DNA sequence: CAGCATCCTCATCGATACTG
DNA sequence: CAGTATCGATGAGGATGCTG
């Protein structure tokens with residue numbers, strides 16, 4: 001099976017790789033919460049975000065930990081205590097997200113108006 | 001049903017709104033292709049990308065058009081002729097993606113190594 | 001407390017066939 | 001040429017219950 005060479009291939013493109021990560025539902029939000037608080041326990045993150053399920057928090061934290069965006073420190077205590085912190089790698093990404101956030105805030109009204117106008121013309 | 005107030009709520013957060021758009025599989029790629037070529041017909045985009053299905057190209061173009069990232073010009077001819085161009089709004093977004101791309105290229109190796117190391121420790 | 005396991009739903013996406 | 005319509009697979013994500 002042959003296919004055209006695609007420089008934007010999901011598996012090989014760095015941008016796609018990062019976009020797939022921060023483009024999911026919770027990763028970016030968790031990073032932001034961790035940046036604001038420096039260190040948080042599992043349930044503290046849970047409460048900070050509010051409407052994330054326990055499963056998705058667990059899954060997303062694992063993914064962020066695997067990539068090195070978040071550090072996980074386990075205390076050998078009963079009951080268990082786990083602290084999460086954002087890593088320098090995670091921190092270094094956020095300014096670029098902020099730039100995107102700034103652009104988004106500046107243009108979201110335009111986008112929404114475009115979308116509404118488009119739907120009216122159907 | 002009550003829930004905590006979430007400033008990063010998908011529906012209301014501008015960043016999420018934009019990330020949801022460019023975080024999908026094809027939108028960003030189409031914008032990049034259109035930026036490089038200025039004007040392209042439907043099938044030209046199709047060939048440029050290669051492994052996108054006709055359906056997804058159609059759906060994604062509609063979505064980009066609705067938000068005002070892409071302009072669609074129809075010629076009343078037989079056979080049909082439709083030209084797509086990136087709008088100023090779309091163009092203004094790309095530098096921020098480029099910044100993200102730059103960061104991604106600089107850190108993708110670290111991320112991949114982290115990911116591999118993490119998986120080995122399982 | 002900090003999770004994992006299980007089941008389920010729904011949106012996304014691809015393949016295929018058809019059309020003005 | 002530039003799509004639309006339909007079906008089916010896949011996987012993200014949520015709800016619930018259980019555990020060291």
Go through (1) within 11 Å of DNA strand C (Cβ to nearest atom); (2) crowded, with 18+ Cβ neighbours inside 10 Å for residue B:53 and report which single condition fails. (2)
Listed residues A:39, A:33, A:59; which is near DNA strand C (Cβ under 10 Å from one of its atoms) and at pLDDT 90 or above? A:59
Inspect the range B:83-90 for any residue being exposed (fewer than 14 other Cβ atoms within 10 Å of the Cβ) and near DNA strand D (Cβ under 9 Å from one of its atoms) and give the result as yes or no. no
Hey, does the range A:41-53 have a residue that's out of contact with any helix residue (DSSP H, G or I) (no Cβ under 6 Å at 6 or more places or on another chain) and in contact (Cβ under 8 Å) with a residue 60 or more places away in the chain? no
Which one is farthest from DNA strand D (Cβ to nearest atom), of the residues in the range B:56-80 that are crowded, with 17+ Cβ neighbours inside 10 Å and part of a loop (DSSP other than H, G, I, E, B)? B:68
If you check every pair at least six apart or on different chains, which have Cβ atoms under 9 Å apart with a residue in the range A:97-122 that is more than 7 Å from every other protein chain (Cβ to nearest Cβ) first and a residue that is assigned to a loop (DSSP other than H, G, I, E, B) second? A:113/B:68; A:117/B:68
All-but-one check, residue A:83 against (1) assigned to a helix (DSSP H, G or I); (2) modelled with pLDDT of 90 or more; (3) more than 8 Å from chain B (Cβ to nearest Cβ), failing number (1)
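The values are calculated or read from the model by the stated rules, or taken from the named source; none is laboratory data. Note that the structure is a prediction, hence the values are computed from the model and not measured. Here the Cβ is made from the backbone with ideal geometry for all residues, glycine too, and neighbour counts use every protein chain on show.
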